[in-house]
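The next block holds one structure in the form of structure tokens; read it before the comments.
The values are calculated or read from the model by the stated rules, or taken from the named source; none is laboratory data. Bear in mind that the values here come from a model prediction, so they are computed numbers and not experimental data. Every residue, glycine among them, receives a Cβ derived from its backbone with ideal geometry; neighbour counts consider all protein chains shown.
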Amino acid sequence: MSTDRHTVRSYDSVAAEYAAEAAAMPRWVATEIDAFVAELGGSGRVLEIGSGGGRDALELEKRGISVRRTDVSRGFVDLLRDSGFAADLLDPLTDDLADPRCPGVPYDGIWACACLIHVAREDFRAVLGRLAETTRAGGALYASVREGDGEDTSAHGSVAAPRRYAETYWREPALRSALADAGWTVRKIGRYTGRPDDRWLSVRAIRA
Ligand SMILES: C[S@@+](CC[C@H](N)C(=O)[O-])C[C@H]1O[C@@H](n2cnc3c(N)ncnc32)[C@H](O)[C@@H]1O
């Protein structure tokens with residue numbers, strides 16, 4: 001059970017660059033935001049995992065949702081704070097997920113776009129379970145993972161500044177059983193293709 005520190009350091013080193021690249025809202029993420037906000041009835045308090053540059057949190061807030069921005073990468077947390085947002089360094093695998101600003105009150109939902117791809121397969125159910133425990137019954141989950149088999153590591157950068165991102169791929173049946181085991185009732189798993197061969201499984205689920 002561990003978080004890949006190379007991946008986290010890689011994001012640390014490119015946080016501003018990544019945030020600029022990801023600033024434009026993809027159509028499919030906008031569609032998922034619509035569905036998530038509708039599921040919450042247009043209000044509520046949400047824990048965001050892997051906020052990155054903060055694109056989705058801004059949109060959710062525009063739509064009436066209160067968002068706790070978090071990231072496992074200090075680089076993103078600093079970037080968000082420098083832009084004037086509250087943000088917390090938080091690893092969903094090991095840290096206390098309770099909201100320090102609302103002690104004892106579960107979240108109404110979890111937003112985890114394109115970040116659980118970096119959770120190792122053996123830790124995935126534990127992370128989903130921890131997210132379920134911190135969410136009220138009937139609360140909403142949005143998460144996206146890459147579709148495929150096995151694991152891979154993508155390498156970028158230079159010798160002086162090496163970057164390595166560890167990723168785990170999922171097929172729908174295994175994803176569905178991990179979600180169910182962790183206490184989530186799946187409403188829908190959609191498929192989206194980003195760049196060619198960049199296939200995503202997009203999960204809408206409810207806390208059982
Ligand atoms: C591809 S970026 C997505 C960022 C943002 N959600 C977006 O959609 O633009 C992946 C995010 O996952 C975070 N991350 C890396 N390792 C993680 C882990 N083990 N658990 C949760 N998040 C992780 C990164 O710091 C980064 O914010």
Does at least one position in the stretch 1-9 carry a residue that is modelled with pLDDT under 95 and in contact with a helix residue (DSSP H, G or I) (Cβ under 7 Å, 6 or more places away or on another chain)? yes
I'd like the residue in the stretch 130-142 that is buried (at least 19 other Cβ atoms within 10 Å of the Cβ) and among the hydrophobic types (A, V, I, L, M, F, W, C) and, out of all such residues, is nearest to the ligand (Cβ to nearest atom). Leu131
Starting from the stretch 88-105, take each residue that is of a type in the set (Gly, Ala, Ser) and list its partners that are within 16 Å of the ligand (Cβ to nearest atom), counting only C-beta distances under 8 angstrom and pairs at least six apart or across chains. Ala98/Thr134
Search result, residues across the stretch 28-53 that are within 12 Å of the ligand (Cβ to nearest atom), touching a residue at least 60 places away in the same chain (Cβ under 8 Å) and assigned to a loop (DSSP other than H, G, I, E, B): Ile49, Gly50, Gly52
Flag if Ala24 is more than 18 Å from Leu131 (Cα to Cα), outside any strand (DSSP E or B) and within 11 Å of the ligand (Cβ to nearest atom): yes
What's the number of the only condition in (1) surrounded by fewer than 16 Cβ atoms within 10 Å (Cβ to Cβ); (2) without any contact (Cβ under 8 Å) to a residue 40 or more places away in the chain; (3) more than 17 Å from the chain's Cα centre (by Cα) that Ala16 fails to meet? (2)
Of the numbered conditions (1) surrounded by fewer than 19 Cβ atoms within 10 Å (Cβ to Cβ); (2) of a type in the set (Phe, Trp, Tyr); (3) closer than 24 Å to Thr31 by Cα, Tyr165 fails exactly one; give the number of that condition. (3)
Scope the stretch 143-179; condition in a strand (DSSP E or B), more than 14 Å from the ligand (Cβ to nearest atom) and hydrophobic (A, V, I, L, M, F, W, C); matching residues: Ala155, Trp170
